[in-house]
Amino acid sequence: MEFFLDSAEPNEISKFQKLGIIDGVTTNPSLIYKSKKPFRELVVEICSIIKGPVSVEAVSSSNEKMIEEGLEIAGIANNVVVKLPMTWEGIKACKILSGKKIPVNITLCFSSSQAILAAKAGASYISPFIGRLDDSNIDGIKLIREIKNIYRNYNFTTKILAASIRTKNHVTQSAVAGADIATIPPNLLDTLPHHHLTDKGLETFTSDWEKSGQKIL
Ligand code: E4P
């Protein structure tokens with residue numbers, strides 16, 4: 001499974017890039033707003049930190065404008081993926097941009113029928129929003145499982161990018177359900193190595209080793 005960082009903060013991206021555990025980045029207009037940096041400079045900076053795919057969202061509502069924005073975004077760096085919303089306009093723009101070999105990530109996916117449409121329009125990635133579904137008492141992981149089955153049935157090559165991930169359980173359950181990628185916010189990624197039994201076990205091992213009076217180095 002690939003890990004993307006769901007962030008538009010260059011410091012956070014650098015931190016995890018140096019650990020060698022992230023394969024790409026996803027941004028959205030809210031994350032870019034929070035970073036308070038000029039859009040183009042920010043995208044250039046992020047794309048220079050991480051060599052893998054960096055999703056950057058178009059913000060217009062007509063397909064014509066989305067295509068223009070998509071071409072502009074795609075020209076910023078060669079690892080940019082154009083993020084488009086799951087609307088008919090987004091689907092039209094996806095078909096055109098994908099036809100020009102520009103990778104597209106269709107975002108705000110909440111149903112399997114939307115995921116089929118994205119695959120048919122040539123999207124490179126589909127982003128089902130697990131956490132937001134769970135917020136509405138709908139099983140987000142079930143959606144990942146369903147999309148995985150459908151894509152497998154028809155050999156669709158669109159990658160499933162599990163998004164809106166809020167918990168460690170979302171990460172593991174997305175993996176079990178067969179998501180190709182999980183995009184994880186930095187504060188959650190930070191907690192992945194932690195387990196109370198790991199801490200407890202390490203405490204015992206350390207204290208027994210000290211009691212043994214031995215040294216490795
Ligand atoms: C994914 O591409 C989105 O940026 C993100 O995962 C949305 O997460 P949220 O629902 O926590 O805002």
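Taking the criterion of being more than 13 Å from the chain's Cα centre (by Cα) and over 21 Å from residue 40 (Cβ atoms), the residues of the stretch 1-22 that qualify are 15, 16, 18, 19, 20, 21.
Take residue 113 and tell me if it is more than 13 Å from the ligand (Cβ to nearest atom), in a helix (DSSP H, G or I), open to solvent by 50 Å² or more (accessible area, probe 1.4 Å) and small (Gly, Ala, Ser). Answer is yes for this residue.
Conditions (1) surrounded by 21 or more Cβ atoms within 10 Å (Cβ to Cβ); (2) in contact with a strand residue (DSSP E or B) (Cβ under 9 Å, 6 or more places away or on another chain), marked per residue:
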residue: 66; (1), (2): yes, yes
residue: 101; (1), (2): no, no
residue: 117; (1), (2): no, yes
residue: 129; (1), (2): no, yes
residue: 144; (1), (2): yes, yes
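Among the residues making up the stretch 149-168, those that are of a type in the set (A, V, I, L, M, F, W, C) and under 11 Å from residue 182 (Cβ atoms) are 160, 161, 162, 163, 165.
Checking residue 130 against (1) over 24 Å from residue 20 (Cβ atoms); (2) more than 15 Å from the ligand (Cβ to nearest atom); (3) β-branched (Val, Ile, Thr), which test does it fail? Result: residue 130 fails condition (2) only.
The rows are residues; the columns are (1) more than 16 Å from the ligand (Cβ to nearest atom); (2) open to solvent by less than 20 Å² (accessible area, probe 1.4 Å); (3) within 16 Å of residue 104 (Cα to Cα); (4) of a type in the set (Gly, Ala, Ser).
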residue	(1), (2), (3), (4)
4	no, yes, yes, no
20	yes, no, no, yes
24	no, yes, yes, yes
33	no, no, no, no
37	yes, no, no, no
40	yes, no, no, no
45	yes, no, no, no
58	no, yes, yes, yes
73	no, yes, yes, no
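Quick one: which of 59, 82 is out of contact with any Gly (no Cβ under 8 Å at 6 or more places or on another chain) and β-branched (Val, Ile, Thr)?
Being out of contact with any Gly (no Cβ under 8 Å at 6 or more places or on another chain) and β-branched (Val, Ile, Thr) holds for just one of 59, 82, which is 59.
Residues in the stretch 157-200 that are assigned to a helix (DSSP H, G or I), surrounded by 13 or more Cβ atoms within 10 Å (Cβ to Cβ) and not β-branched (Val, Ile, Thr): 168, 170, 173, 174, 175, 177, 186, 188, 189, 190.
The values are calculated or read from the model by the stated rules, or taken from the named source; none is laboratory data. As the structure is a computational prediction, the values presented were derived from the model and not from experiment. Positions of Cβ are backbone-derived with ideal geometry, glycine not excepted, and every protein chain shown enters the neighbour counts. Calculation scope for accessible area: heavy atoms of the full protein, side chains included, ligands and nucleic acids excluded. Shrake-Rupley method; radii C 1.70, N 1.55, O 1.52, S 1.80 Å.
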